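Undergrad: What follows is a single structure, and I will ask about it in a moment.
The numbers here are math on the coordinates, done by the rules we state, and not lab data. Computed from a prediction, not measured in an experiment: that's the story for all the values here. Reconstructed Cβ throughout: ideal geometry from the backbone, glycine too, with neighbour counts over all protein chains shown.
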Amino acid sequence: MKLDRRGFLGAGVAAAATASAPMVMAGSHGKPKVVVIGGGAGGATAARYIAKDSGGAIDVTLIEPSRTYYTCFFSNLYLGGYRDMASLGHSYGGLAAQGINVVHDWAIGVDRDAKTVALAGGGSVPYDKLIMSPGIDFRDGAVEGWDLSSQNAMPHAYKAGSQTELLKAQIDAMPQGGTFAMVAPPNPFRCPPGPYERISMVAHHMKNNNPTAKILILDPKAKFSKQGLFQDGWARHYGNMIEWIGPDFGGDMVSVDPGAMEVNIDGEVTKVDVCNVIPAMKAGRIAELAGVTNEAGWAPVDPHTMATRADGDIYVLGDSSQQGDMPKSGFSANSQAKVCAMAVRGALTGSATFPARFSNTCWSLIETDDGIKVGASYEATDDKIAKTSGFVSQVGEDDATRAATYQESIGWYDGITADMFG
Amino acid sequence: MNILHTWIASAALAIVTVAPIPVFADGDPDAGERVFRRCISCHAIGPDAGNKVGPTLNEIFGRVAGTVEGFRYSRALVAAGQEGLVWDDANMDAFITRPARLVPGTRMSFSGLRKAEDRANLIAFLHTLTPETAMGTAHLVPGDPELPDEIMALVGDVAYGQYLASSCVTCHQVGNTESNIPSIIGWPAPAMVTVLHAYKNKNRDNDVMQQQTGTLSNEEIAALAAYFETLE
Ligand SMILES: Cc1cc2nc3c(=O)[nH]c(=O)nc-3n(C[C@H](O)[C@H](O)[C@H](O)COP(=O)(O)OP(=O)(O)OC[C@H]3O[C@@H](n4cnc5c(N)ncnc54)[C@H](O)[C@@H]3O)c2cc1C
């Protein structure tokens, strides 16, 4: 039995439990079981909300290989020298204290018939509902000349931690007047403003340490997120240090030679000192192994619940999902996790469910105290998560507004990490 | 004569009659202190004041009716509170006009203040006994809207509020930790309702908050306020 959501809203009643009867899964061990793969923005939030709001009625297992989660969000600020790495690390102790069974291992397969997840360390974990939020992986052959074996010479730093530290070390070691190049990714990708905030942070570093350095962005996209705001900021703060090469000038025809530290832009070879390659992306590999992804490499989901189109007992959150209009961001993953947690609890214990609603805001830092933001609200329609309205910072805002925006982003960082990890 | 201000006695959403002229808005607290002499035999006020025949009137504004600790209320007043009666200016004005009319069954055996001016002055004086934080006015700023009674009187659904609040707590930390973004837990519901509407109406200008509130209905704002009020 499914509630008509439009009818629900139209009724003007503030709240009502769904009329569906509780469908408690009579698993062999009594309590219904939820397994969450990936303890990042989506997975940690989903695990925490299900455990917290079900008051022990649901057994929650979180599978995550790392003992410390380093946030990609604010990792650009680390590159700019505004944060240290330790301040980006979060442990799973709070989730364990919430009663979540945290298993530090890789999920290596999903048996959808037996409803079990296989672990790299051996053994398997049974589920009634499986939630996956494994982030992204890179597409093979996306940038000619680059593969994962070149990630030390040309780091992506698009999963935070050692890659970010490596890129930072290379930036710090760059010779005076050297060249930093970024190969930007095609759509869709994790954190649409991320590459451009990163450019801003690298420029901030260079301005103070290596003022004659050059920064090249090789971009297959004709336009990018908050472009006007970034380009205005770059011109104000960094003169002509930054050169953006879009597809009109060969930004979409790039290959690299990690051994020679060269980039080839539509036939023209340039020697570079640091090369940040951010390849095209796809859903985290485990989603593909579970068979819930499409040809494009993402997992299509039902916007009302985040359940995959392929399997109603498997939900995919965050970057891996193909949901519609939301950007792939930590904020989005966190927002989707709450809808999913509610839907999963409702399905397993009959708890009240409400119409899905989502939101996102992405803050970016251009230079000290020059913060910008873009945000929107979304609703679930039958075919996608659809944007209903949004806002974006304006060119020409006063300094106080920009400084307040940056301060707000710090508040958001502290808020969302507390919301994820308890 | 109609009761100008009332509260919602059920989940039904709209009532309320003609918007009254809020005379109580500009009373004189000094004159009100003199009016208060008529109350003092039953109500204690000031530091360390306890309950007498009636409850203390310290921090009465923003409080749910029938909830002063340690006081034995009539069943009628407790029920009124449970159904959503909160002491704001309008409800206080209606009550002291004639207590037994607003809350039939109240034990307060006071026939009422007939003169609007006396009531306005008394309300102004009682406000001096409610610290801004308790009232929630600490959360308010000049330019925040005066909302119509039908909005202030909505009784929010706490369970729905909890779901909606999941989107607030991405930035506003639960607990009293404030990191550049204010803590919003435990606010009196009227203050929360006013502030959320202030963003929704763009009386206040943080664009994230305008965005968040722009999609909320009046009922949803009431639900959020009801939920956050329950947190400590
Ligand atoms: C430079 C940069 C800046 C960013 N800035 C922002 C920002 O300011 N604001 C914002 O909102 N977002 C930002 N983002 C985006 C944000 O980091 C991601 O969108 C978000 O982390 C997505 O959440 P997720 O749950 O999908 O994946 P993740 O947070 O990446 O979590 C995935 C987790 O799954 C685990 N995992 C993967 N495979 C397996 C497996 N097989 N078994 C078990 N565990 C597995 C991983 O170890 C990881 O911990 C930024 C990203 C980058 C790269």
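Undergrad: Starting at the first residue of segment A:263-274, write each ³J(HN,Hα) from the Karplus equation 6.51 cos²θ - 1.76 cosθ + 1.60 with θ = phi - 60°, in whole Hz, x for Gly and Pro.
TA: 10, 10, 9, 6, x, 9, 8, 10, 7, 10, 9, 10
Undergrad: Report, to the nearest 10°, how far helix A:162-172 tilts away from the longest principal axis of the Cα atoms in chain A, using its own Cα long axis and a range of 0 to 90°.
TA: For helix A:162-172, the angle is close to 20 degrees.
Undergrad: Which value results when the Cα radius of gyration for segment A:139-216 is divided by 2.2 N^0.38 Å?
TA: Here the Cα radius of gyration is 1.12 times the empirical estimate.
Undergrad: Give the residue from A:A96, B:P190, B:V174 lying farthest towards the positive end of the charge dipole for the protein assembly as shown; charges sit on Cβ (+1 for Lys and Arg, -1 for Asp and Glu) and the dipole is referred to the Cα centre.
TA: It is B:P190, whose Cα lies furthest towards the positive end.
Undergrad: Still on this model: Just round it to a whole percent: the fraction of Cα-Cα distances in chain B exceeding 30 Å.
TA: For chain B, the share of Cα pairs beyond 30 Å comes to 25 percent.
Undergrad: What is the spin-label model distance, in nm, from A:A222 to A:R309 if the labels are put 7 Å beyond Cα along the C-beta direction?
TA: Calculated label separation equals 2.6 nm.
Undergrad: Shape of segment B:24-134 from its Cα gyration tensor (a ≥ b ≥ c, root eigenvalues): rounded if a/c is under 1.5, otherwise prolate when a/b > b/c, or oblate?
TA: In terms of gyration-tensor shape, rounded.
Undergrad: Just subtract the alpha-carbon distance of A:D382 and A:V269 from 0.36 nm times their residue separation and send over the number in nm, one decimal.
TA: 35.9 nm
Undergrad: Going by amide H atoms built from the backbone, whose H comes under 5 Å of the H on A:T388, apart from near neighbours?
TA: Result for A:T388 returns A:S377, A:Y378, A:E379.
Undergrad: Same structure, new question: Return the distance in nm (one decimal) between the two label points of a simple spin-label model at B:C42 and B:N201, each offset 7 Å from Cα along Cα→Cβ.
TA: 3.5 nm
Undergrad: Let me ask another. Please state the relative contact order of chain B as a whole percent: Cα pairs under 8 Å, 6+ residues apart?
TA: This gives 22 percent for chain B.
Undergrad: Return the FRET efficiency for the residue pair B:T230, B:N51: r is the Cβ-Cβ distance, R0 is 30 Å, and the value is rounded to the nearest 0.05.
TA: Result of the calculation: an efficiency of 0.75.
Undergrad: Right, something else. So which residue, out of B:V86, B:V208, B:V103, gets the largest mean-square fluctuation from a GNM of chain B using Cα contacts under 10 Å as springs?
TA: B:V208
Undergrad: Hey, another quick one. What shape does segment A:207-269 have by the C-alpha gyration tensor, where a ≥ b ≥ c are the square roots of the eigenvalues, rounded means a/c under 1.5, and otherwise prolate means a/b greater than b/c and oblate the rest?
TA: It comes out oblate by the Cα gyration axes.
Undergrad: If I build a Gaussian network model for chain B, linking alpha-carbon pairs within less than 10 angstrom, which residue out of B:P142, B:P55, B:P99 has the largest mean-square fluctuation?
TA: B:P142
Undergrad: If you average 1/r over every pair of different alpha-carbon atoms in segment A:368-422 and take one over that average, what Kirkwood value in Å do you get?
TA: 13.3 Å
Undergrad: Find the relative contact order for segment A:236-347 and round it to a whole percent, using C-alpha pairs within less than 8 Å whose residues are 6+ positions apart.
TA: Relative contact order of segment A:236-347: 14 percent.
Undergrad: Report the convex hull volume per residue for segment A:269-422, counting only C-alpha atoms, in Å³.
TA: Enclosed volume per residue, from the Cα hull, is 182 Å³.
Undergrad: Let me ask another. Using only the alpha carbons of segment B:143-204, what is the convex hull's orientation-averaged projected area in square nanometres?
TA: Dividing the Cα hull surface by four gives the mean projection, 4.7 nm².
Undergrad: If I fit a long axis through the Cα atoms of helix A:227-238 and take the longest principal axis of the Cα atoms of chain A, what angle between them do I get, 0 to 90°, rounded to 10?
TA: Tilt of helix A:227-238: around 40 degrees.
Undergrad: Let me ask another. Quick one: compute the contact order of chain A, relative version, from alpha carbon pairs under 8 angstrom and 6+ residues apart, as a percent.
TA: 19 percent
Undergrad: How large is ³J(HN,Hα), in whole Hz, for each residue of segment A:410-415 in order, when computed from phi with the Karplus curve 6.51 cos²θ - 1.76 cosθ + 1.60 and θ = phi - 60°, using x for Gly and Pro?
TA: Calculated HN-Hα couplings, in order: 5, x, 4, 4, 5, x Hz.
Undergrad: Ok, one more. Provide the descending list of Cα extents for segment A:148-279 along its principal axes, expressed in whole angstroms.
TA: 35, 31, 30
Undergrad: Taking amide H atoms as placed 1.01 Å from N in the peptide plane, list the residues 5 or more away in sequence, or in a different chain, whose amide H sits under 5 Å from that of B:G62.
TA: Amide H neighbours of B:G62: B:W87, B:D88.
Undergrad: Which shape class applies to segment A:48-164: rounded if a/c is under 1.5, otherwise prolate when a/b exceeds b/c and oblate if not, where a ≥ b ≥ c are the square roots of the Cα gyration tensor eigenvalues?
TA: Cα axes put segment A:48-164 in the oblate bin.
Undergrad: In chain B, once you exclude exposed trypsin sites (Lys or Arg not before Pro) (DSSP loop, at most 13 other Cβ within 10 angstrom), what's the longest stretch remaining?
TA: Longest run free of exposed loop sites: B:116-201.
Undergrad: Right, something else. Just to be sure I follow the definition: excluding the sites themselves, where is the longest run in chain A that has none of the trypsin sites (Lys or Arg not before Pro) in a DSSP loop with at most 11 other Cβ atoms within 10 Å?
TA: A:3-222
Undergrad: In nanometres, what is the gap between the two model label sites at B:E117 and A:D147, each 7 Å from Cα along Cα-to-Cβ?
TA: 9.2 nm
Undergrad: Next up: Along its three principal axes, how long is the protein assembly as shown when you only count alpha carbons? Whole Å, largest extent first please.
TA: Between the extreme Cα coordinates on each principal axis of the protein assembly as shown lie 94, 63, 42 Å.
Undergrad: Same structure again: In sequence order, what are the phi-derived ³J(HN,Hα) couplings for segment B:158-165 according to the Karplus relation 6.51 cos²θ - 1.76 cosθ + 1.60 with θ = phi - 60°, rounded to whole Hz, with x for glycine and proline?
TA: 5, 5, 5, x, 5, 5, 4, 5
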